[in-house]
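The values are calculated or read from the model by the stated rules, or taken from the named source; none is laboratory data. Keep in mind the model is a prediction, meaning the values are calculated, not measured. Neighbour counts run over all protein chains shown; Cβ positions are idealised from the backbone, glycine included.
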C-alpha cells in the first residue's frame, strides 16, 4: 500500500472540500438535525473556509492520498495556545474517509502533526474531540494524548445538549 502525504495548495481546494464534507457526513451526521447539519456545512465547509486554511500563514494543510484519491486530511495551526499554556500547536482538523480506516493513514497524519509541532518549537499538541466520538478518543489516547478539560461545541445547536460536549486532549513533548 502506498500512501502519499503532501502539503495542499489552492488547486486542491475543490477536491479537498468535497472529501471533507463527505467525511463529515460519514462521521458526524448523528449530532445534528437535518437543518442544523445543512447550516453547519454551509458555514464551515464552504470553499472559502478551505481557501482560508490554505492561505493562512499560521496553518498547514496536508492531504493523504491512497491510490490517487484523497483519503484524509490534516489542518494544523502551528501557533495556537490552549488557555494560558504558551508554545502550543493545535490540530484544527484530522479527518479520514471511513473506507480507509485501518490503513495507517490516521497515524501518518498524526505523525505529521507531531512533526509540525516539534518544528515550530511547541511544547504540546492539542485538539478538541466530541465526547461521543469514542473511536477517535481511543485513537488519540493510543497516540499519547490525555484528556485535560471539558469543552462545548457552541457554534450551532445540535440535536441534544449532551451531543455538544467535547474533550480537550493534549500531548506534551517535555
Considering each residue of the range 81-116, count those that are part of a helix (DSSP H, G or I) and either at pLDDT below 95 or under 22 Å from residue 20 (Cα atoms) (or both), and give that number. 14
Failed condition for residue 102, given (1) touching a residue at least 40 places away in the same chain (Cβ under 8 Å); (2) surrounded by fewer than 17 Cβ atoms within 10 Å (Cβ to Cβ); (3) closer than 17 Å to residue 133 by Cα: (1)
So which residues in the range 161-172 are farther than 15 Å from residue 90 by Cα and in contact with a helix residue (DSSP H, G or I) (Cβ under 9 Å, 6 or more places away or on another chain), if there are any at all? 163, 164
In the range 67-80, which residues are surrounded by 15 or more Cβ atoms within 10 Å (Cβ to Cβ), modelled with pLDDT under 95 and touching a helix residue (DSSP H, G or I) at 6+ places or on another chain (Cβ under 9 Å)? 78
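Report whether or not residue 132 is closer than 25 Å to residue 42 by Cα, in a loop (DSSP other than H, G, I, E, B) and out of contact with any helix residue (DSSP H, G or I) (no Cβ under 7 Å at 6 or more places or on another chain).
Values: closer than 25 Å to residue 42 by Cα: yes; in a loop (DSSP other than H, G, I, E, B): yes; out of contact with any helix residue (DSSP H, G or I) (no Cβ under 7 Å at 6 or more places or on another chain): no.
No: the conditions fail for residue 132.
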Counted residues in the range 147-164 being more than 17 Å from residue 44 (Cβ to Cβ) and out of contact with any strand residue (DSSP E or B) (no Cβ under 6 Å at 6 or more places or on another chain) come to 5
